[in-house]
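Below is one structure, written out as structure tokens; comments come after it.
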Amino acid sequence: MPWDNIKLVGSETIAEGTMVFHFTRPSGFDFRAGQAIDITLIHPPETDSEGNTRGFSIASPPFEDGLTVATRMRDSAFKRVLRNAHPGIEAKVEGPFGSLTLHKNAARPAVFLAGGIGITPFVSIVRQATKDKANHQLYLFYSNRRPEDAPFLDILRSAAQEHPNFHFVATMTKMEASHQTWTGETGKLDAGMLLRHVPDPLGPIYYIAGPPAMVAALRQMLLAAKVDEDDVRTEEFAGY
């Protein structure tokens, strides 16, 4: 189905090197929390060999009126144009795509394992589940180098306070480089950390999103812990 163009409403920096972009949502555009869209810049002032289209997980939940995406900012033509764009510019949207969505059987917990900007689909899922008061037990493990690098930390902490079924575990791997204090977990996400927080690690459906190397390592960790391969769902965030 062809969609109307979307318009940029505003943007902001939400972590070091990371921005969010808020767009309008076309009438009738439905999606499930965790899905993604393609955004194409229309007649951008500059372009490069990577083109004018990028895929983004939708960070906003379906119950909100707009569409929010987040991305690490690097020196590409697409990112430069987006960074400098003024509210009101139009872009083309296609989608939604993807199946990294919450399973329907609430008797099985969901465990989300996220690194960096891989958090975006899980922010949408958690916020929607919080509003719906979902019966699933939800565990979100979120790994970053420092709090300064971790987008959506405050939103996720608030969701954990609001929704008793949502258990949030954030870990930092390079606190020696941080200027903030941190009282949560530290070190890489591993089987030991999982066992400390998930009562029965063989019961849940697992969802992994983040850089390809991290996704591969976490998937191998789960398989080594005897998690059924059919219970592991993954999405790689490469290139940002």
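Bear in mind these aren't lab numbers, they're just calculated from the coordinates by the rules spelled out. This is a predicted model, so every value here is computed, not measured. Glycine also receives a Cβ, built like all others from the backbone with ideal geometry; neighbour counts cover every protein chain displayed.
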Point to revise | Descending Cα extents along the principal axes, the range 114-182, whole Å | key: 38, 20, 15
Check your understanding: Build a GNM of the chain with springs between Cα atoms under 10 Å: which of Glu176, Glu162, Glu16 gets the top mean-square fluctuation?
Key -> Glu176
Practice item. Provide the per-residue ³J(HN,Hα) series for the range 40-51, in order, calculated from phi with Karplus coefficients 6.51, -1.76, 1.60 and θ = phi - 60°, each as a whole number of Hz, with x at glycine and proline positions. Key: 10, 6, 9, 6, x, x, 8, 8, 8, 5, 7, x
Review point. Three principal axis extents, largest first, for the C-alpha atoms of the range 61-151, in Å?
Key: 46, 32, 20
Point to revise | Between the range 175-196 and the range 84-136, the Cα center-to-center distance that results, in Å | key: 24 Å
Review point. Calculated from DSSP H runs of 4 or more alone, at -39500 (n - 2.57) each and per residue, what is the 222 nm mean residue ellipticity of the chain, nearest 500?
Key: -6500 deg cm²/dmol
Point to revise | Angle between the chain longest axis and helix 153-162 axis [Cα atoms, degrees, rounded to 10] | key: 60 degrees
Exercise for review: Return one number: the angle in degrees, 0 to 90 and rounded to the nearest 10, between the long axis of the Cα atoms of helix 120-132 and the longest principal axis of the Cα atoms of the chain.
Suggested key: 70 degrees
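With a sphere of radius 15 Å drawn around the Cβ of Asp65, what net charge do the other residues whose Cβ falls strictly inside it have (Lys, Arg +1; Asp, Glu -1)?
So the environment of Asp65 carries a net charge of +1.
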**Study point:** D_trans [Stokes-Einstein, Kirkwood Rh over alpha-carbon pairs] for the range 1-140, 37 °C, 0.692 mPa s, µm² s⁻¹
**Key:** 207 µm²/s
Check your understanding: Can you tell me the Rg and the Dmax, both Å, for the Cα atoms in the range 110-236?
Key -> 13.8, 41
Practice item. For the range 110-236, calculate the relative contact order in percent as a whole number, restricting contacts to Cα pairs under 8 Å that are 6 or more residues apart. Key: 29 percent
Exercise for review: Determine, at each q value in 0.12, 0.17 (inverse angstroms), the log₁₀ of I(q)/I(0) that the Debye formula gives when each Cα of the chain is one equal point scatterer.
Suggested key: -0.68, -1.31
Exercise for review: Calculate how steeply helix 212-224 sits against the longest principal axis of the alpha-carbon atoms of the chain, using the helix alpha-carbon long axis, and give the answer as 0 to 90 degrees to the nearest 10.
Suggested key: 20 degrees
Review point. Expressed as a rounded percentage, what relative contact order does the chain have, with Cα pairs under 8 Å and six or more residues apart?
Key: 19 percent
Exercise for review: Can you tell me which of 198-210, 74-86, 21-33, 135-147 comes out highest on packing, and rank the rest after it, using the mean Cβ neighbours within 10 Å?
Suggested key: 135-147, 198-210, 21-33, 74-86
